[in-house]
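Novice: The structure under discussion is supplied below as structure tokens; questions concerning it will follow.
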Amino acid sequence: MKKNSAYLLMVIGLLAGVFIGNAVTMLYVGQRDQRSNLSSQVEPTQSPVPHTADPAALADMENAAAADPTDAEKWIQLGNFCFDHDLPARAVNAYERALELKPMDINVWSDLGVMYRRTKQFDKAVDAFGHAASLDPNHITSRFNMGIVYLHDLNDKPAALKVWKEVLAMDPNAKTPSGQSLAALVAELEK
């Protein structure tokens, strides 16, 4: 009977671990999808919302990626965790590794651009956004963010206007994350 109880406890522990692991994965996938739609559009007046990273969760994700260094999804999950918890240098490292393994991931290129911007690597940010746009010519987020970097970080208003006009050609009703009409912003900058 004791042997059966021990096996039962092991099975329950294993099932609990699987359940918790799946729950954590779904949480991060949901955050990534939400961030891809909204949060990667960072304006200079917006500062990242600080979230304190759980050191144990970060260590677990880093260990999982290191234990399986050819699994791009683990590197992406680590990058997304670091993105969400305002750890841009770590996010850059994770995203760069993910892109070595999965170079066609448009959203990772775009998120990497945001992290390059936060680490003040502005030329690399523009390159990352440009790469995302080259993979998907209709990827508005990367083009919008490229314009942000051109205007606010590289002080290149003509380049920002050029990129934002490309966005408007794709979506004449495009808005900034703050809700302002991009067409109105472009018209204001052209004055």
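The values are calculated or read from the model by the stated rules, or taken from the named source; none is laboratory data. Just so it is clear, the model here is predicted, and its values are computed rather than measured. Glycine also receives a Cβ, built like all others from the backbone with ideal geometry; neighbour counts cover every protein chain displayed. Protein only, heavy atoms only, side chains kept; ligands, DNA and RNA dropped before computing areas. Shrake-Rupley method; radii C 1.70, N 1.55, O 1.52, S 1.80 Å.
Novice: Label points 7 Å out from Cα along the Cβ direction at residue 119 and residue 181: separation in nm?
Specialist: Between residue 119 and residue 181, the label points sit 3.9 nm apart.
Novice: Quick one: what are the phi-derived ³J(HN,Hα) couplings along segment 121-138, Karplus 6.51/-1.76/1.60 with θ = phi - 60°, whole Hz, x for glycine and proline?
Specialist: Here the 3J(HN,Hα) series is 9, 5, 5, 5, 4, 4, 4, 5, 4, x, 5, 4, 5, 6, 6, 9, x, 9 Hz.
Novice: Taking 35 Å as R0, compute the FRET efficiency from the Cβ-Cβ separation of residue 169 and residue 52 and round it to 0.05.
Specialist: 0.25
Novice: Would you kindly state how much longer the chain becomes between residue 60 and residue 134 on full extension, computed as 0.36 nm times their sequence separation minus their alpha carbon distance, in nm to one decimal?
Specialist: Gain in length upon complete extension: 23.2 nm.
Novice: Also, quick follow-up: Keeping every protein chain present and rolling a 1.4 Å probe, give me the accessible area per residue for segment 91-182 in Å².
Specialist: 45 Å²
Novice: Once phi is turned into ³J(HN,Hα) by the Karplus curve 6.51 cos²θ - 1.76 cosθ + 1.60 with θ = phi - 60°, what whole-Hz value does each residue of segment 153-159 show in order, with x for glycine and proline?
Specialist: 10, 9, 6, 10, 4, x, 5
Novice: Moving on. For residue 175, enumerate residues with amide H under 5 Å from its amide H, sequence gap 5+ or separate chain, H modeled in the peptide plane.
Specialist: Excluding prolines and chain starts, which carry no amide H, the hits are 182.
Novice: May I pose another question? Can you give me the solvent accessible area of residue 122 with a 1.4 Å probe, rounded to the nearest 10 Å²?
Specialist: Here the residue's solvent-accessible area equals roughly 50 Å².
Novice: Take the cross-link list 74/162; 124/165; 74/165 and give me the ones stretching past 25 Å between alpha-carbons.
Specialist: Going by Cα-Cα distance, 74/162; 74/165 fall outside the 25 Å limit.
Novice: Here's another thing I want to ask about it. Under the Karplus relation 6.51 cos²θ - 1.76 cosθ + 1.60, θ = phi - 60°, what is the ordered set of whole-Hz ³J(HN,Hα) values for segment 76-92, x standing for Gly and Pro?
Specialist: Result, ordered by residue: 5, 4, 5, x, 5, 4, 5, 4, 5, 10, 6, 10, x, 5, 5, 5, 4 Hz.
Novice: Just the number, please: carbon plus sulfur as a percent of the accessible area of segment 49-146, 1.4 Å probe, no ligands or DNA/RNA counted.
Specialist: The nonpolar share, carbon plus sulfur, comes to 55 percent.
Novice: Taking 0.36 nm per residue of separation and subtracting the Cα-Cα distance, what length does fully extending residue 89 through residue 189 add?
Specialist: Contour length minus the Cα-Cα distance gives 32.8 nm.
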